[in-house]
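Peer 1: Can you read through this structure? Questions will come right after.
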Amino acid sequence: MTERITLPRLMVAAPASGSGKTTLTCALLREAQRRGLDPCAFKCGPEYIDPMFHRPVLGLPSRNLDLFFSSPEQVRSQMAVGGRGHSLGVIEGVMGLYDGVGATHRASSWHLAQVTDTPVVLVVEPKGAALTLAAQLKGLIDFHSPGMIKAVVLNGCSAHTAGFYTSMIQEETGLPVVGCLPRLENCTLSSRHLGLLLPEEIAGLEEKIDRLADQLEETVDVPRLLALASTAPDWTAELSPPVSPAEDAPVVAVAQDEAFCFYYQANLEALEQQGMRLTAFSPLRDSCLPPEACGLYLGGGYPELHAAALSGNQPMLDSLRQAIQGGLPTLAECGGFLYLQQSLEDAQGRSWPMAGVLDGEGIQTSGLRRFGYITLTMGEDTPYLKAGEQAAAHEFHRWDSTCCGSAACAVRPGNGKAWNCMTWKGNLLAGFPHLYYPSQPNLVRRFARACTQYKENRRQ
């Protein structure tokens, strides 16, 4: 059905990664809540970790909006689903404003802002430059049309220094500078090999966000930002009616703990749209799979950082191995794929036994492996994807496997680099790629049918 959506909204973007997008986004979301608004959050691109910082602030899922995975119409529908009933939307950008697929602006922050008619607030860290900063901003404004940048927030500089930059930027570019967010002691969000630390690993995160919001209220013209958000126009979107799985619906067990936490909200909803009921379990702490499970979804995360604990939970490994070998429909990606192999090396180079369902050993490497967007084309029939079918996905990992599989060919857009990936066994499909399920509805339909059949067989 077609709905008209009203959602005041802003995008927080930057000239480059590391400029403070997540910091400003979280501070703005907290301040919006304090002002009695009901905000929602979105993340441009395939990133998993940044949306986890929106959840402690909002208490609801953050949604990825990605123009490589989805068409403009689908992205607007995803934004409509996430924004329905909310009074403010904040989209956190990705990388630099124009950085998209390969050397293009496709799927960039600018592309998403343009497709969704969202005004951009550029967060800029003015270190090591004076007038040159104005030149850089002028270049960003004029680089593509339409120019989506509507305001600037200065990050990491004092209010006194911000006064100098504000006058210069406004005079040279015409862009309004709506304030600054000075660097606060003990409020840095630390990073590691796949990005920021997870929220639960940062001591006092709620207090840090509160302090950042306090500072935002003091040194940023928040009413001006909210007024800017209100200029974003309404839009219409095709929305599917919400689905409430029946009480006796097949249950898909979803691994969710510190080791497995990378999931797209759209993937989970795609399973529910097929009538599946989702239940969470912890491979780290639970002793067995949920007994009612008729399907299993092992997402990505940081199993390499918890290899000893995962290996030490022998009852869970036994339960998982027996269930998969007994035909339990299973989807495993990246970290989940490593978990199912013979062994996994931790960050100290020690190797730990894993589930042993698949051949191969998980090994540490010196850098990112096969990083970026990919299009998968199946080379053979598997339980849920058939030969010749395609799906949008991405890879992002520093650990590799001695046996990555050859059931599919991954091709990187732009440079055409290709490699084999994905493996399957019985009702299991696994590999490093993180698949975006709405890009290939057949995968979800077949997986749901397999879960339903598994449930029926168990009744007999």
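The values are calculated or read from the model by the stated rules, or taken from the named source; none is laboratory data. All of these numbers come straight from a predicted model, not from anything done at the bench. FYI the Cβ positions are ideal-geometry reconstructions off the backbone, even for glycines, and counts take in every protein chain you see.
Peer 1: Among the residues of segment 117-140, write down those that are of a type in the set (A, V, I, L, M), closer than 22 Å to residue 104 by Cα and touching a helix residue (DSSP H, G or I) at 6+ places or on another chain (Cβ under 6 Å).
Peer 2: Once the filter is applied, which keeps residues that are of a type in the set (A, V, I, L, M), closer than 22 Å to residue 104 by Cα and touching a helix residue (DSSP H, G or I) at 6+ places or on another chain (Cβ under 6 Å), segment 117-140 yields 120, 123, 137.
Peer 1: I'd like to check something: does segment 348-364 contain any residue that is surrounded by 15 or more Cβ atoms within 10 Å (Cβ to Cβ) and free of Cβ contacts under 8 Å to residues at least 24 places away in the same chain?
Peer 2: Yes: segment 348-364 contains one or more residues that are surrounded by 15 or more Cβ atoms within 10 Å (Cβ to Cβ) and free of Cβ contacts under 8 Å to residues at least 24 places away in the same chain.
Peer 1: Evaluate segment 225-235: report whether one residue or more is modelled with pLDDT under 95 and buried (at least 20 other Cβ atoms within 10 Å of the Cβ).
Peer 2: So far as segment 225-235 goes, no, none of its residues is modelled with pLDDT under 95 and buried (at least 20 other Cβ atoms within 10 Å of the Cβ).
Peer 1: Sticking with this structure for a sec: Under 7 Å between Cβ atoms, which residue pairs at least 6 apart in sequence (or on different chains) link something in segment 310-323 that is in a helix (DSSP H, G or I) with a partner that is acidic (Asp, Glu)?
Peer 2: Within 7 Å, the pairs are 316/286.
Peer 1: A further question on this structure: What residue, of 129, 113, 41, 103, is in contact (Cβ under 8 Å) with a residue 12 or more places away in the chain and farther than 22 Å from residue 8 by Cα? Steps first, please.
Peer 2: Numbers: 129 fails: in contact (Cβ under 8 Å) with a residue 12 or more places away in the chain; 113 fails: farther than 22 Å from residue 8 by Cα; 41 fails: farther than 22 Å from residue 8 by Cα.
Within the list 129, 113, 41, 103, the selection yields 103.
Peer 1: Let me ask something else. Does segment 376-410 hold any residues that are surrounded by fewer than 16 Cβ atoms within 10 Å (Cβ to Cβ) and of a type in the set (A, V, I, L, M, F, W, C), and which are they? Steps first, answer last, please.
Peer 2: Going through segment 376-410, the residues surrounded by fewer than 16 Cβ atoms within 10 Å (Cβ to Cβ) turn out to be 379-381, 386-388, 390, 402-403, 406.
Within segment 376-410, 387, 403 qualify.
Peer 1: Residue pairs, Cβ under 7 Å, 6 or more apart or interchain, first in segment 246-257 and free of Cβ contacts under 8 Å to residues at least 12 places away in the same chain and over 18 Å from residue 301 (Cα atoms), second β-branched (Val, Ile, Thr) and surrounded by fewer than 18 Cβ atoms within 10 Å (Cβ to Cβ). List them.
Peer 2: Listed by first residue and then by second, the contacts come to nothing, as the list is empty.
Peer 1: Would you check if there is a residue in segment 290-307 being more than 20 Å from residue 268 (Cβ to Cβ), assigned by TED's automatic domain parsing to the domain that holds residue 374, of a type in the set (Gly, Ala, Ser) and modelled with pLDDT of 95 or more?
Peer 2: Yes, segment 290-307 contains a residue that is more than 20 Å from residue 268 (Cβ to Cβ), assigned by TED's automatic domain parsing to the domain that holds residue 374, of a type in the set (Gly, Ala, Ser) and modelled with pLDDT of 95 or more.
Peer 1: Do we find that residue 253 is part of a loop (DSSP other than H, G, I, E, B) and crowded, with 20+ Cβ neighbours inside 10 Å in this structure? Give the derivation first.
Peer 2: Details: part of a loop (DSSP other than H, G, I, E, B): no; crowded, with 20+ Cβ neighbours inside 10 Å: yes.
The answer is no for residue 253.
Peer 1: Out of 213, 232, report the one residue that is among the small types (Gly, Ala, Ser) and assigned to a loop (DSSP other than H, G, I, E, B). Spell out the reasoning first.
Peer 2: Values: 213 fails: assigned to a loop (DSSP other than H, G, I, E, B).
Sole residue among the options that is among the small types (Gly, Ala, Ser) and assigned to a loop (DSSP other than H, G, I, E, B): 232.
Peer 1: Taking the residues in segment 272-301 that are in contact with a Gly (Cβ under 8 Å, 6 or more places away or on another chain) and aliphatic (A, V, I, L, M) as candidates, determine which candidate is nearest to residue 457 (Cα to Cα).
Peer 2: 276
Peer 1: Collect the residues in segment 292-309 that are in a loop (DSSP other than H, G, I, E, B) and surrounded by fewer than 20 Cβ atoms within 10 Å (Cβ to Cβ), keeping them in residue-number order.
Peer 2: 292 - this is the single residue of segment 292-309 that is in a loop (DSSP other than H, G, I, E, B) and surrounded by fewer than 20 Cβ atoms within 10 Å (Cβ to Cβ).
Peer 1: Could you please find all residues in segment 121-165 being among the aromatic types (Phe, Trp, Tyr) and not in a loop (DSSP other than H, G, I, E, B)?
Peer 2: 164, 165
Peer 1: Right, next: With respect to the numbered conditions (1) loosely packed, with under 14 Cβ neighbours inside 10 Å; (2) of a type in the set (Asp, Glu); (3) within 26 Å of residue 51 (Cα to Cα), which one is the sole condition not fulfilled by residue 142?
Peer 2: The number of the failed condition is (3).
Peer 1: Another one. Starting from residues that are of a type outside the set (S, T, N, Q) and part of a strand (DSSP E or B), keep the ones in segment 256-290 and report whichever is surrounded by the fewest Cβ atoms within 10 Å (Cβ to Cβ).
Peer 2: Top of the filtered list is 280.
Peer 1: In segment 22-52, what residues are out of contact with any strand residue (DSSP E or B) (no Cβ under 8 Å at 6 or more places or on another chain) and within 19 Å of residue 211 (Cβ to Cβ)?
Peer 2: Across segment 22-52, the qualifying residues are 26, 30, 31, 34, 35.
Peer 1: Going through 244, 240 one at a time, which residue ends up being hydroxyl-bearing (Ser, Thr, Tyr), within 21 Å of residue 392 (Cβ to Cβ) and in a loop (DSSP other than H, G, I, E, B)?
Peer 2: 240
Peer 1: Another one. Among the listed residues 161, 118, 104, identify the single one that is modelled with pLDDT of 95 or more and not basic (Lys, Arg).
Peer 2: Just a single option satisfies the conditions, and that option is 118.
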